[in-house]
Amino acid sequence: MRKAVKIVKKVVFGLIAAFALCMALFTLVSFSTFDRTDRSLFGYKVFVVLSDSMSATDFRAGDIVLARKVDPSALKKGDIITFVSQNEGSFGQTVTHKIRRKTTDEQGNPGFITYGTSNNTDDKAVVTYPYVVGKYQRRIPKIGGFFQFLKTVPGYIVCILIPFSSLIVLQCINSVKLFNQYKSVQMRLIREEREKIEAERAESQKVLDELLRIKAQLALDEAGKSISGQ
């Protein structure tokens, strides 16, 4: 029964440790690469979809989209691109929309008219080449929602703080148990050494008493001989 309990404890500890480690790695990777136009992961730029503007055909809010850097001049109608928006309502945000057609802006710079397939409405600002981040490659469903949750205080508490706190508590309990076991062994060794010393002392006293008895007996014998000689 004790062995079974120990095995269960080890399994639970291992699962918590694995979960905490995975969350730590995911957090490190996600915060350093997700939604960063200047960072990539295995050649892909990773972004969390925040709206359903493309949910009619390709991906929806909460998904993660992967985009790869391309030569903007090679893009064509129907391609889905990730770009830094220049629209007033979403200026500076990273948007992933479909190309309606090629065009130029007021200064004659080449670019694209883009739109979201859900509302089929053109974005107001022309996406010129410098603002193109990459071409959409694929999506990972729903993981973006977890990433967004992880960035919140409850997400941090549930996915990071509690697992690592549990590991610390379990490790403290194990340390206390190991210390108590060590202390118990030390006390047992001290007790055994004390009992050994006491036994040796008793044996020495017994030998000494026997020697004193023999000496006293010899003295009596000598005294008896002296009286007999007189």
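The values are calculated or read from the model by the stated rules, or taken from the named source; none is laboratory data. What you are looking at is a predicted structure, and each value in this text was computed from that prediction instead of being measured. Using ideal geometry, Cβ is built from the backbone for each residue, glycine included, and neighbour counts are taken over all protein chains shown.
Is one or more of the residues making up the range 74-82 β-branched (Val, Ile, Thr), within 33 Å of the chain's Cα centre (by Cα) and either at pLDDT 95 or above or under 30 Å from Ser166 (Cα atoms) (or both)? Within the range 74-82 (the criterion being β-branched (Val, Ile, Thr), within 33 Å of the chain's Cα centre (by Cα) and either at pLDDT 95 or above or under 30 Å from Ser166 (Cα atoms) (or both)), the answer is yes, since at least one residue qualifies. Close contacts from the range 121-142, counting a first residue that is polar (S, T, N, Q) and a second that is modelled with pLDDT of 95 or more and not in a strand (DSSP E or B), with Cβ to Cβ under 8 Å and a gap of 6+ residues or different chains, come to Thr128/Asn109. With respect to the conditions (1) in contact with an Asp or Glu (Cβ under 7 Å, 6 or more places away or on another chain); (2) not in a loop (DSSP other than H, G, I, E, B), Gly145 lacks only one, and its number is (1). With respect to the stated conditions, Asp58 fails to be within 25 Å of Gly144 (Cβ to Cβ), free of Cβ contacts under 8 Å to residues at least 40 places away in the same chain, in a loop (DSSP other than H, G, I, E, B) and of a type in the set (D, E, K, R).
When you scan the range 126-133, do you find a residue that is in the same structural domain as Gly43 (by TED's automatic domain parsing), surrounded by 15 or more Cβ atoms within 10 Å (Cβ to Cβ) and part of a helix (DSSP H, G or I), even just one? So far as the range 126-133 goes, yes, one or more of its residues are in the same structural domain as Gly43 (by TED's automatic domain parsing), surrounded by 15 or more Cβ atoms within 10 Å (Cβ to Cβ) and part of a helix (DSSP H, G or I).
Table: residues versus (1) free of Cβ contacts under 8 Å to residues at least 24 places away in the same chain; (2) over 22 Å from Pro130 (Cβ atoms).
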| site | (1), (2) |
| --- | --- |
| Leu25 | yes, yes |
| Leu41 | yes, yes |
| Asp63 | no, yes |
| His97 | no, no |
| Arg101 | no, no |
| Thr114 | no, no |
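Checked across the range 153-174, the condition of being surrounded by 10 or more Cβ atoms within 10 Å (Cβ to Cβ), over 19 Å from the mean Cα position of the chain (by Cα) and farther than 30 Å from Val49 by Cβ holds for at least one residue. Summed over the range 24-49, the residues that are of a type in the set (A, V, I, L, M, F, W, C), in a loop (DSSP other than H, G, I, E, B) and surrounded by 17 or more Cβ atoms within 10 Å (Cβ to Cβ) give a count of 2.
Of the residues making up the range 50-65, those that are surrounded by fewer than 20 Cβ atoms within 10 Å (Cβ to Cβ) and either small (Gly, Ala, Ser) or in contact with a strand residue (DSSP E or B) (Cβ under 6 Å, 6 or more places away or on another chain) (or both) are Ser51, Ser55, Ala56, Ala61, Gly62.
Of the set (1) in a loop (DSSP other than H, G, I, E, B); (2) within 26 Å of Tyr156 (Cβ to Cβ), all apply to Val70 but (2).
The residue of the range 2-23 that is nearest to Arg138 (Cα to Cα), among those that are surrounded by 13 or more Cβ atoms within 10 Å (Cβ to Cβ) and within 15 Å of the chain's Cα centre (by Cα), is Met23.
Would a scan of the range 200-219 turn up a residue that is in the same structural domain as Ala24 (by TED's automatic domain parsing), among the charged types (D, E, K, R), within 30 Å of Ala18 (Cβ to Cβ) and surrounded by 10 or more Cβ atoms within 10 Å (Cβ to Cβ)? Scanning the range 200-219, I find no residue that is in the same structural domain as Ala24 (by TED's automatic domain parsing), among the charged types (D, E, K, R), within 30 Å of Ala18 (Cβ to Cβ) and surrounded by 10 or more Cβ atoms within 10 Å (Cβ to Cβ), so the answer is no.
Based on this model, can you work out whether Gln181 counts as in the same structural domain as Lys10 (by TED's automatic domain parsing), assigned to a helix (DSSP H, G or I), under 30 Å from Gly14 (Cα atoms) and at pLDDT below 85? Here the answer is no, as Gln181 does not meet what is asked.
In the set Phe13, Phe19, Phe26, Phe42, only one residue is among the hydrophobic types (A, V, I, L, M, F, W, C), in the same structural domain as Ile113 (by TED's automatic domain parsing) and either closer than 29 Å to Pro163 by Cα or modelled with pLDDT of 90 or more (or both); that residue is Phe42.
Looking only at the range 77-93, which residues are surrounded by 10 or more Cβ atoms within 10 Å (Cβ to Cβ) and out of contact with any Phe, Trp or Tyr (no Cβ under 7 Å at 6 or more places or on another chain)?
Residues satisfying the conditions are Lys77, Asp79, Asn87, Ser90, Phe91, Gln93.
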